[in-house]
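In what follows, a single structure is set out as structure tokens and then discussed.
The values are calculated or read from the model by the stated rules, or taken from the named source; none is laboratory data. Keep in mind that what you see is a predicted model, and the values were worked out from it rather than measured. Here the Cβ positions follow ideal geometry from the backbone for every residue, glycine too, while neighbour counts run over all protein chains shown. What goes into the accessible areas is simple: the full protein's heavy atoms, side chains included, and nothing from ligands, DNA or RNA. Shrake-Rupley method; radii C 1.70, N 1.55, O 1.52, S 1.80 Å.
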Amino acid sequence: MYEELRAEIETYTRRTPRSAEALKKASPRLPLGVGSNFRTYEPHAIFVRDGQGGRIRDLDGNEYIDFNLCFGALMAGHCHPAVVRAVEERLRLGTMFGMPHNLELPLAEEICARFPVEMVRFGSSGTEATMHAIRLARGVTGRDKIVKMEGAYHGVHDSAMVSVKPKADQYGSADAPNQVPASAGLPGPTVEQTLVGVFNDLGSTERLFARYPNQIAAVIVEPIMMNVGICMPEKGYLQGLRELCTKHGACLIFDEVKTGAKLARGGACEYFQIKPDIVCLAKSIGGGFPLAAFAARRELMDAITHFKVFHAGTYGTNPLVMAAGLATFREVLTPEAYEHLNHLNKKLVDGHAKIIQKSGLVAYAIGAGSNGALMLYPKEVRNYRDWTAIDVDLWRHYWFGMVNRGVLPQPHWWDEQWTISVAHTEADIDRHLDAFADLAPALARAQQSRQVAVAAAH
Ligand SMILES: Cc1ncc(COP(=O)(O)O)c(C=O)c1O
């Protein structure tokens, strides 16, 4: 660890003693002391006390402008008044019944009005949405194999936990990647059914269709890969996947868990003008509540109607969550909100680009909808393997440096990105940029001296 990074981590540690203490206490009862593996990092995660609008406070009372926003699930910001009102009104009428009610249809209508789909089923997490989408594709086609892209994350069910972050000594050749289990506990025969393509390389998926004729049920893809910072699809790539799936009788599944709410009213389908067969939604559609959905045209969803493919869940269409979702669709994900967010994001991305240039940092800033990222690479990342070339310590220097300056720039981990919420203001963007401008010269110096050291070592 280099000196400036050590100094930022020391400052962080000094500012957050109560979080360190909370982690210590939680560790004997919760593996890693946290509720999800993505929430652990050294020296300790920030334990949060509360949040309001675009800000959160930690247990020590430090306030941060929050661009993490629960891994991008809070485009509404914390405690959006319309969402709070809707949930409060619903709360006194009973929280769950496991019976149909009158909030299901209007929310399904909202989704069908925005996305190229005709029927919807709901769930509580992105994992559930992609799991059921894959089962639907398998049920409809009568095939077992699916294709996912190397490095892509689609949740934690077995079929998706393949080649999520494979290591260089495991991942095999660049044009035909190995199928690498991302966890112990995955049955070998399940892993075998998940084939691995390369994002932005149509040929890799084409070869899989040629190698496994009539065996591939679906290609699941995140239209913009957001588990490697931000990795945009190259022109024609998504359309190419669409054509390959049509040609081979497979379903194209868009995992819009992240992009669905934040890119445009109609998510990536609208943004890129592509019509997938199945769309998966979660995160920001719930306005802060656990809402997910998978949706498709009637002909596919009829497999559920006819009891061929099974879908169920006690918590599905929970009335509180549906009330939150309906308020989110109607009062948060509005055309005006997208205008506001696009404007703020452009300001943030352009501001980063200017600071990068002035400081001499070798990096670029990229944005899409209400998401953006500082990418510490000399040229644009096209796929997972490009992304692995990150200087992790330099990224940590960036993240802790920003946090110490009162800005939570994105979730911890260099595969993530920032989210802007409807609660953020121009002043919040200015503060974000001021913090980065303050830090960037030190990052540039550190980057330069580390590159010199690497060059000298060779
Ligand atoms: C693209 C994508 N798909 C699926 C998931 C899984 O969603 P959840 O964490 O709600 O299960 C995530 C979570 O980050 C995601 O980013």
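For the pairs K258/K346; K258/K347; K165/K347; K167/K308; K148/K283; K235/K258, flag any whose C-alpha to C-alpha distance is greater than 27 Å.
On the way: K258/K346 19 Å; K258/K347 21 Å; K165/K347 32 Å; K167/K308 39 Å; K148/K283 20 Å; K235/K258 20 Å.
Checking Cα-Cα distances, K165/K347; K167/K308 exceed 27 Å.
Give me D for the stretch 124-224 in µm² s⁻¹, whole number, from Stokes-Einstein with Rh from the Kirkwood sum over alpha-carbon pairs, 25 °C and 0.890 mPa s.
Values: Rh = 13.6 Å.
For the chosen part, D equals 181 µm²/s.
Could you state the principal axis extents of the C-alpha atoms in the stretch 341-404, from the largest down, to the nearest angstrom?
31, 29, 21
Set the Förster distance to 35 Å, then compute FRET efficiency between Y377 and E109 from the Cβ-Cβ distance, nearest 0.05. Don't skip to the end; give the middle numbers.
Values: r = 42 Å, r/R0 = 1.21.
In this case the efficiency is close to 0.25.
Could you provide, to the nearest whole Å², the per residue accessible area of the chain with probe 1.4 Å? All intermediate terms of the calculation are to be shown ahead of the outcome.
Working: 19580 Å² over 458 residues.
Heavy-atom accessible area per residue stands at 43 Å².
Counting helices only, and only those DSSP H runs with n ≥ 4, report the 222 nm mean residue ellipticity of the chain as the sum of -39,500 (n - 2.57) divided by its residues, in deg cm²/dmol to the nearest 500. Walk me through the intermediate numbers first.
Values: 17 runs with 194 residues, N = 458.
Rounded to the nearest 500, it is -13000 deg cm²/dmol.
For the stretch 175-237, which trypsin sites (Lys or Arg not before Pro) are both in a DSSP coil and crowded by at most 16 other Cβ atoms within 10 Å? Spell out each step's value before the answer.
On the way: sites: R207, R211, K235; in loops: K235.
Listed in order of number, the matching sites are K235.
Any chance you could check the Cα centroid distance between the stretch 284-351 and the stretch 106-170 for me, in angstrom?
One Cα centre to the other: 14 Å.
Can you list which of the GluC sites (Glu not before Pro) found in the stretch 327-418 are DSSP loop residues with at most 13 other C-beta atoms within 10 Å?
Passing both the DSSP loop test and the Cβ count: E380.
Stokes-Einstein at 20 °C, 1.002 mPa s, Kirkwood radius from Cα pairs: D for the chain in µm² s⁻¹? Show your work: numbers first, answer last.
On the way: Rh = 22.9 Å.
Diffusion coefficient, whole number: 94 µm²/s.
Take every Cα pair under 8 Å in the stretch 371-458 that's 6+ residues apart, average their separations, divide by the length, and report that relative contact order as a whole percent. Spell out each step's value before the answer.
Working: 49 pairs, mean separation 27.0, N = 88.
Rounded, it is 31 percent for the stretch 371-458.
Can you list the residues, at least 5 places off or on another chain, whose amide H is less than 5 Å from the amide H of S124, using H built in the peptide plane?
A292
Can you bin the stretch 68-183 into rounded, prolate or oblate? Criterion: square roots of the alpha carbon gyration tensor eigenvalues sorted a ≥ b ≥ c, rounded for a/c under 1.5, prolate for a/b above b/c, oblate for the rest.
Numbers: a/c = 2.73, a/b = 1.80, b/c = 1.52.
Note, shape of the stretch 68-183 comes out prolate.
Using a/c under 1.5 as the rounded threshold, could you call the stretch 250-335 rounded, prolate or oblate? The axes a ≥ b ≥ c are square roots of the C-alpha gyration tensor eigenvalues, and prolate needs a/b larger than b/c, oblate otherwise. Present the calculation step by step, with values, prior to reporting the outcome.
On the way: a/c = 2.36, a/b = 1.14, b/c = 2.07.
Note, shape of the stretch 250-335 comes out oblate.
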